[in-house]
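Worksheet: one structure, shown below.
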Amino acid sequence: MTAIKAPAAAPVRVAAPGWGTLLVLLTGIFITTLDFFIVNVAIPATQRDLNATPSQIQFLVAGFGVALAAGLITAGRLGDLYGRRRMFAIGLTVFTLASAACGEAPTAGFLIGARVVQGLGAALLMPQVLAIINTVYTGEYRARAFNAYGVAMGFGGVFGQLIGGILIRADIAGLGWRTIFLINVPVGAAALALVPRLVPESRAAAGARLDPVGTVLVSLGLVAIVFPLVQGREQGWPMWTWECLGAAVVLLAAFALYQRRAAAPLVAPALFRHRSFTAGTAVSLLQSMTMGSFFLVLALYLQQGRGLSALESGLVFLPLGLGYFLSSARAAAVAARLGRQVIAVGALGMALGYTVLALTATELGEHGAVGWVIPGLVIAGAGMGLVMAPLPALVLNGVEPGHAAAASGVLSTAQQAGGAIGVAVIGVVFYGALGTFPHAFAAGLVLLIVLDALVAALVQLLPRVR
């Protein structure tokens, strides 16, 4: 029988960890993940209110993801240097203040800028969570904490649509879509008040340094990928978009080469000697490309294609959440029996769900009962649960304690970069096929089916673990 074990732990431990610490940490993870996805359900209202263009709407999602992905690895190093609790608190503060700015945004450009700042705050926060879990919890407690981390991230994505729909429908104080951002303010403030009491401070051993050259190279490389993908379709793919994509290859290659020579690299080359980490990071990247982009096109299909309100659209996401909840609750037991193949089963389950949805949308056209999409959503949600809950522990399996924080930063970067790139790519496919919304939705799902099939294939490169 095979089982997934958590990676080796850092040497500093708390003998009897309290779950209050985990609650505070997961609150930060939940609201930052939620904010990546919750914006989807508010897209039509935001577009009408701020007169936003399609490319600006895509940047509301992708801008957050790019800023988050570009800052994660550097933020992990800042936590090692100056204290992980301190960086968690600073990141949560920045995220909370930026959320308030998003809620007061007068224009689409201002909102995009505030979303980028939100992403930077989330970047400071997220890698500290995995590093603190690695420091505070051990043994059975640590396994439970990692599983809770994966479930919290998944819940933030799956239930973001429903939460957003309820907030928009409630229309608190006439704020409409702005409440999806303003709700973060009291939640973030409450979590911040508990940080000094419940979250212990920790940092790496003396000698760690920042890598400004590596930071610039990887940040510019990620931006050079996503920016032309978002803007290119609307502008007819001018030459500068291809130049940016070419520059991204050069920048990321230069980053990889520089990390091999740097005295204090952002990403230690030794990390990629572990097959579980290298293949697992690629799996995380592809998997993240499918989730964010799926939530985006589903929200567009339901609201703009089928005329549902934000709340009605959010309620349609509920079967997806049900499938996710049921499968994630059993994911640890399934992983104990199937090992790495739990990820393949989950990815193929998602592909099956997307196939059912594509066929259903094509058959329904623009006038059939929306309830027919429920079976496909339940299947897709069940697949997501089998992937998201065990994935962090599986990818980090076998990483040495000295590299655990850096590995967590790379994993989080892959997940967030994948989400941003997926949104950009699906936007190209969806809007390019937009004759009717059902046709565009089905075309986007074909791309996601292919990506999930690739995820299932890549899982076979992971080593067997016990």
Among the numbered conditions (1) over 30 Å from A143 (Cα atoms); (2) surrounded by 18 or more Cβ atoms within 10 Å (Cβ to Cβ), tell me where I343 comes up short. (1)
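Yes/no per residue for (1) assigned by TED's automatic domain parsing to the domain that holds L298; (2) of a type in the set (D, E, K, R); (3) at pLDDT 80 or above; (4) farther than 17 Å from S99 by Cα:
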| site | (1), (2), (3), (4) |
| --- | --- |
| I38 | yes, no, yes, no |
| Q47 | yes, no, yes, yes |
| N51 | yes, no, yes, yes |
| A69 | yes, no, no, yes |
So which residues in the range 165-214 are surrounded by fewer than 16 Cβ atoms within 10 Å (Cβ to Cβ), at pLDDT 85 or above and closer than 20 Å to V136 by Cα? A193, L194, P196, R197, P200, E201
The lone condition T107 fails out of (1) surrounded by fewer than 19 Cβ atoms within 10 Å (Cβ to Cβ); (2) touching a residue at least 60 places away in the same chain (Cβ under 8 Å); (3) of a type in the set (V, I, T) is (2)
Per the filter on the range 432-448, residues aliphatic (A, V, I, L, M) and outside any helix (DSSP H, G or I) are A433, L434
Residue match in the range 421-430 (condition: closer than 16 Å to N40 by Cβ, over 21 Å from the mean Cα position of the chain (by Cα), assigned to a helix (DSSP H, G or I) and among the aromatic types (F, W, Y)): no
Which members of the range 257-267 meet the condition of being more than 23 Å from the chain's Cα centre (by Cα) and either over 20 Å from P127 (Cα atoms) or aliphatic (A, V, I, L, M) (or both)? L257, Y258, R260, R261, A262, A263, A264
Just name the residue that is surrounded by the fewest Cβ atoms within 10 Å (Cβ to Cβ) out of those in the range 264-282 that are modelled with pLDDT of 75 or more and more than 28 Å from M388 (Cβ to Cβ). P269
Considering every residue within the range 167-174, establish whether at least one is outside the structural domain of L111 (by TED's automatic domain parsing), without any contact (Cβ under 8 Å) to a residue 60 or more places away in the chain, farther than 30 Å from G381 by Cα and among the hydrophobic types (A, V, I, L, M, F, W, C). no
So how many residues does the range 321-374 have that are under 23 Å from F437 (Cβ atoms), free of Cβ contacts under 8 Å to residues at least 40 places away in the same chain and in contact with a helix residue (DSSP H, G or I) (Cβ under 6 Å, 6 or more places away or on another chain)? 5
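The values are calculated or read from the model by the stated rules, or taken from the named source; none is laboratory data. All values reported here derive from a predicted model rather than from experimental measurement. Cβ: placed from backbone, ideal geometry, glycine included. Neighbour counts: every protein chain shown.
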